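The values are calculated or read from the model by the stated rules, or taken from the named source; none is laboratory data. Note that the coordinates shown come from a computational prediction; the quantities given were computed from them, not determined experimentally. Cβ sites come from the backbone with ideal geometry, for glycine too, and all protein chains shown count toward neighbours. When the accessible area is computed, the model is the full protein with side chains, heavy atoms only, and any ligands, DNA or RNA have been set aside. Shrake-Rupley method; radii C 1.70, N 1.55, O 1.52, S 1.80 Å.
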Amino acid sequence: MTIAPVSNPTVRLRVPSDEDALAWHRVFDHPEVMEFHGGRRAEFSVYEELTARQRRHDAELGYCFWTVLGDDDEVLGFTGAQPWPHPEFGPVGSVEIGWRLGRAAWGKGYATTAARLTLERVRAAGVPEVVAMVDSRNARSVAVAGRLGMRRAETYPMSDGRQALCFRLAL
């Protein structure tokens, strides 16, 4: 039996709009999606603030967490980069790359394809290195980091006893 190789899906990235706050709220409203992001659904206001912050990042830095769009322009989630947002924890001073997709988009190559586009954009913006912080139990995100060529660098204990793996990639 011959197994066909997985092709890279077509994705488009755009700066998140006000409307994307509602789309992110909708596509991330799934227990499996939120398992490693607090374990419960986030309020709509969280996404309103997040999309507004990402628009500021794009205007000031030239990169942000962009909305990921699929073939028919449906919102799949986000991927992108931002300055590490936690001054008391983790790789302070680094630029973080991240991704989160709605459950219906998992396992189709969207996260890796969109994250590769992100790497191209942040490299063009002059960022010399990125990090990805991944919950040690999140095998899917660990796999994406590996497909991007990132190397595991540090481990950080989290306040709830979990471990965060820090992956690094020189650009």
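Descriptive notes on the structure:
- All conditions in (1) under 21 Å from D18 (Cβ atoms); (2) assigned to a strand (DSSP E or B) hold for E60, with the sole exception of (2).
- Check on W84, within 20 Å of E35 (Cβ to Cβ) and open to solvent by 20 Å² or more (accessible area, probe 1.4 Å): no
- Failed item, numbered, when A143 is tested on (1) free of Cβ contacts under 8 Å to residues at least 40 places away in the same chain; (2) open to solvent by 50 Å² or more (accessible area, probe 1.4 Å): (2)
- Lone qualifier among R123, R152, R168 - being modelled with pLDDT of 95 or more, in a strand (DSSP E or B), farther than 22 Å from V27 by Cβ and over 15 Å from the mean Cα position of the chain (by Cα): R152
- D72 fulfils the conditions (1) at pLDDT 95 or above; (2) over 28 Å from P128 (Cα atoms) except for a single criterion, (1).
- Extreme residue, least open to solvent (accessible area, probe 1.4 Å), among residues of region 4-53 that are assigned to a loop (DSSP other than H, G, I, E, B) and of a type in the set (S, T, Y): S17
- Test: residue in region 23-43 that is touching a Pro at 6+ places or on another chain (Cβ under 7 Å), of a type in the set (D, E, K, R) and in contact (Cβ under 8 Å) with a residue 40 or more places away in the chain: no
- Residues (assigned to a strand (DSSP E or B) and in contact with a helix residue (DSSP H, G or I) (Cβ under 6 Å, 6 or more places away or on another chain)) located in region 63-76: F65, T67, V68, V75, L76
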